[in-house]
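What follows is a set of notes on a single structure, which appears directly below.
The values are calculated or read from the model by the stated rules, or taken from the named source; none is laboratory data. Fair warning: this is a prediction, and the values are worked out from it, not measured in the lab. Neighbour counts run over all protein chains shown; Cβ positions are idealised from the backbone, glycine included. Surface areas here come from the heavy atoms of the whole protein model, side chains and all, with no ligands, DNA or RNA. Shrake-Rupley method; radii C 1.70, N 1.55, O 1.52, S 1.80 Å.
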Amino acid sequence: MAADIPLFNNSFAYQSTLSPNPQWTYGQKTADTPAGKAWMEGEKAGWKVVDTAKEDKLELYTLMISGIVPRPIAFVSSLSASGAENLAPFSWFNMVTHNPPLVSICCGNGRQHIKDTTSNIKATKSFTVNIISEPFVEAANVTSVDAPEGVSEWPISGLTKEKSLHVKPARVKESAFSMECELFQVIDIVHPESGANTTTMILGHVKYIHVRNDVLNERGNVDPAKFKPVGRMGDISYSRVGDGFRIARPVWANEQETIEKAIEKRDE
Ligand SMILES: Cc1cc2nc3c(=O)[nH]c(=O)nc-3n(C[C@H](O)[C@H](O)[C@H](O)COP(=O)(O)O)c2cc1C
């Protein structure tokens, strides 16, 4: 452990604050506030422009995983055709839609190596996705170990298997939000130039969601202060959910007049 890195801040608590510039009005320039001005001045350092076709693959990977952040993480439990258990985290993950309830996970097929998660889901057509909270992030991280096929990551992690209702793979008992998924579609991502199948995208149809009552608020939403979800940043970094803020989504029918007036005023 590096001596100059502070200990994990256990007294940190998520809170809801005002947004950075609650006085913002339609058409207002970012540089109009001191924080916005300082942000825009950063541009003086110039730009690095990356031509993805020419960039080294590892550099591209490093840049993309550090720029497309923070990412949610799917902690995926699956079974092989012979019943071997597998557990691994995937941050190229997101919700696709709620209707039907679908999630997407992308597994890299680097160096002709198909990950166990990919082959398991293709073979057995089901899996669970468990969201990782701070108290068990080290245990979840360890399951990314490149263990040979047939070696279960469950005992290595110390995490607990909880029987699923609808699918065969277990869900992670320590996770306060788990989804039981059936395979909806597999999309092979084929490189348009090399023709290599570099990645496999898995769409999962969420059949059941298990959410712990103690992380729900009065409105039935998952409360980030209680949930303590972790996100993926670049390199081997994780993030916590810091302060949150609410910003209303404008409705054109209500705002049209104000928007038009504000724009007119700025153009004068
Ligand atoms: C937080 C985290 C996120 C990850 N995200 C991905 C991902 O989105 N896609 C991927 O192919 N590998 C990802 N990995 C690496 C896999 O977890 C790792 O290759 C694992 O060994 C795959 O397990 P399997 O072969 O048992 O399926 C990630 C690793 C960590 C620690």
What are the residue pairs meeting all of these: first residue in region 251-267, first residue under 16 Å from ASP32 (Cα atoms) and of a type in the set (A, V, I, L, M), second residue open to solvent by less than 90 Å² (accessible area, probe 1.4 Å) and outside any helix (DSSP H, G or I), Cβ atoms under 6 Å, and 6 or more apart or on different chains?
ALA262/THR25; ALA262/TYR26; ALA262/GLY27; ILE263/GLY27
Taking region 33-68 and keeping residues open to solvent by 50 Å² or more (accessible area, probe 1.4 Å) and β-branched (Val, Ile, Thr) leaves VAL49, THR52, THR62, ILE68
For strands (runs of 3 or more DSSP E) lying entirely in region 77-149, having 2 or more residues that are modelled with pLDDT of 95 or more and surrounded by fewer than 19 Cβ atoms within 10 Å (Cβ to Cβ) picks out 93-98, 101-108
Identify, from the list LEU216, LEU203, the residue that is within 21 Å of LYS115 (Cβ to Cβ) and surrounded by 13 or more Cβ atoms within 10 Å (Cβ to Cβ).
LEU203
Members of region 111-131 that are closer than 20 Å to ARG71 by Cβ and more than 8 Å from the ligand (Cβ to nearest atom):
ILE121, PHE127, THR128, VAL129, ASN130, ILE131
